Amino acid sequence: MNRSLARARADAPVPAAAPIGRDAVRALYAELALHPKPGLVSPLDSGSHDDMDMTTFMRSLFALRGYFRDIAAAGAAGADFAALQALGITAERRMLAATGGVNTHRGAVFALGLLTAAAGWRARSGKAATGRALGDTVAERWGAGILAAAPPSADSHGARAVRSYGVRGARQEAAAGFPTLFSVALPTLERTLDRLGCAERAMVQTLFAAMARLQDTNLLHRGGADGLAFVQGEAQRFLDRGGVFRPGWRGEALDLHHACVARRLSPGGSADLLAAAWFVHSRR
């Protein structure tokens, strides 16, 4: 085992890490349980996916429970990015074993894992473990390591999309401190919650805001530039018409869901962003 990883596990205080890990799992479940979500797996259907459903995601979440606790503990102990990446690779293997090889949460393992590590480090340091400070901590402590490290799979769908279309992928977003999360997703979530007091509608509004702005490599992989432009444009039109503040919003969201399913489009990066926003919000 990597020495820094072993040291991180041994030294980190489990009491600080356990509640952070639970918050991460709860955020992923909140995203999974939401409907409507254009093209994405929900309790009602499998969206644009033939190889997974809600049961697949639940098996994945069960397999990942210990990971978020462990990476929060590693962050608390001051682990470097190599140690965090090793934990992530091990977690991905557990996920794939639990799902029969289906990639349900690879993006969340990376992005939400880093945010939980940042929360762990800040809690251990006696600092507030919430808000934009979490993104700043990721950038300051691990940003250079994220960019310098070889990705676990240089031939992943996301990596190919970044090379083919010149967009900013998950690694670049993380190294910069998750700017789309903190400038788009989290403010949308908290504004909508403040106005409506309804978690469901706030999460749908946040998902559509992310879909309208994020250069989602999942969409580029499935639909190319045209697929990304279609989802971004339709999501922005939903928001411009009033979003979840407008009567009939659910029917409009379902219409886009059906259109995404017909085109086999799935904004998985936006779903990860929604879960991350819910995690950061839950830490207030």
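Just so it is clear, none of the values below were taken in a lab; they were calculated from the coordinates. Note that the coordinates shown come from a computational prediction; the quantities given were computed from them, not determined experimentally. Here the Cβ positions follow ideal geometry from the backbone for every residue, glycine too, while neighbour counts run over all protein chains shown.
Each principal axis of the Cα cloud of region 58-105 was taken in turn, and the coordinate range along them, longest first, works out to 33, 16, 11 Å. Computed with the Debye formula from one identical point scatterer per Cα of region 17-60, without solvent, the log10 of I(q)/I(0) at q = 0.25, 0.26, 0.27, 0.34 Å⁻¹ comes to -0.84, -0.88, -0.92, -1.20.
Build a GNM of the chain with springs between Cα atoms under 10 Å: which of 185, 72, 199 gets the top mean-square fluctuation? Largest GNM mean-square fluctuation: 199.
Remark: the residue 149-residue 225 segment gains 24.6 nm on full extension, using 0.36 nm per residue and subtracting the alpha carbon distance. Ordering 230-239, 268-277, 105-114 by mean Cβ neighbour count within 10 Å, with the highest value first, yields 268-277, 105-114, 230-239.
For region 3-282, report the translational diffusion coefficient in µm²/s to the nearest whole number, using Stokes-Einstein at 25 °C, 0.890 mPa s, and a Kirkwood Rh over Cα pairs. In µm²/s, the coefficient rounds to 132.
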